[in-house]
1. From (1) assigned to a strand (DSSP E or B); (2) free of Cβ contacts under 8 Å to residues at least 40 places away in the same chain, pick out the condition that doesn't hold for residue 152.
2. Can you find even one residue in region 1-21 that is touching a helix residue (DSSP H, G or I) at 6+ places or on another chain (Cβ under 7 Å), under 16 Å from residue 150 (Cβ atoms) and surrounded by fewer than 22 Cβ atoms within 10 Å (Cβ to Cβ)?
3. Kindly check whether there is at least one residue in region 214-225 that is outside any helix (DSSP H, G or I), touching a residue at least 40 places away in the same chain (Cβ under 8 Å), surrounded by 15 or more Cβ atoms within 10 Å (Cβ to Cβ) and within 17 Å of the chain's Cα centre (by Cα).
4. Which of the following residues is under 20 Å from residue 80 (Cβ atoms), touching a residue at least 12 places away in the same chain (Cβ under 8 Å), touching a helix residue (DSSP H, G or I) at 6+ places or on another chain (Cβ under 6 Å) and buried (at least 16 other Cβ atoms within 10 Å of the Cβ): 128, 144?
5. Among 55, 75, which is the only one that is surrounded by fewer than 19 Cβ atoms within 10 Å (Cβ to Cβ), over 16 Å from the mean Cα position of the chain (by Cα) and at pLDDT below 95?
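The values are calculated or read from the model by the stated rules, or taken from the named source; none is laboratory data. Quick caveat, the model's predicted, so the values are computed rather than measured. FYI the Cβ positions are ideal-geometry reconstructions off the backbone, even for glycines, and counts take in every protein chain you see.
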């Protein structure tokens, strides 16, 4: 697997690049797998493909703060990202990994791989809910979610991407998001401020752990620039109007 460590200038371009890597792999006619790592330069709210924005996001707070709200192509609930939140995306081949066509198995496979990779750095990392990673002891202090994830299936490839909080100002989640309409049992009704947590480890160590876990030691030289630009304009530029 190749690794692309690349952050583009705008939120629209960054979300579009994840999609472009998936579309490129589909069009290649062969298995093509990539691990992408990136980190936003500013705050952004990203909602799931089927999310009701007014039911998950404090839009007026986003407008006042000038924070864009975009809708990604995968499912799941709204997240806030920005500096201190490492983002990752995996494009995985369904020809090489046909079992991942089952969504439940895809979640379990990717999250288990991530948890196993991070546990030597942070003991107590656990897979929780449908698509979360959390830290803490389920028997004592409440577990805190540090990673939310979602996926998109195509014919021959899968896009799996998510967040990894490590030094993120968690108060922004409380300011910009309402309580989600669906909650995992382990949340126990907690507000964002007491439910989310940061991994106590730096971004460089997380990056290295993910590259090792997915055997992504080969740097990727190029990326689909034209397709990314087109998708950013067609799919995501309009989404930023939610804040205007």
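1. (2)
2. no
3. Yes, that holds for at least one residue.
4. Just one listed residue meets the conditions, 128.
5. Residue meeting the stated conditions: 55.
Okay, residues lined up against (1) out of contact with any strand residue (DSSP E or B) (no Cβ under 6 Å at 6 or more places or on another chain); (2) more than 22 Å from residue 124 (Cα to Cα):
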{"site": "155", "(1), (2)": "yes, yes"}
{"site": "167", "(1), (2)": "yes, no"}
{"site": "172", "(1), (2)": "no, yes"}
{"site": "179", "(1), (2)": "yes, yes"}
{"site": "196", "(1), (2)": "no, no"}
{"site": "208", "(1), (2)": "yes, no"}
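Listed here are the residues, each with its yes/no results for (1) under 20 Å from residue 201 (Cα atoms); (2) touching a strand residue (DSSP E or B) at 6+ places or on another chain (Cβ under 8 Å); (3) buried (at least 16 other Cβ atoms within 10 Å of the Cβ).
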position	(1), (2), (3)
66	no, no, no
71	no, yes, yes
87	yes, yes, yes
99	no, no, no
119	yes, no, no
124	yes, yes, no
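Listed here are the residues, each with its yes/no results for (1) without any contact (Cβ under 8 Å) to a residue 60 or more places away in the chain; (2) more than 29 Å from residue 169 (Cα to Cα).
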| site | (1), (2) |
| --- | --- |
| 10 | no, no |
| 13 | no, no |
| 16 | no, no |
| 21 | no, yes |
| 27 | yes, yes |
| 33 | no, yes |
| 37 | no, no |
| 50 | yes, no |
| 54 | yes, no |
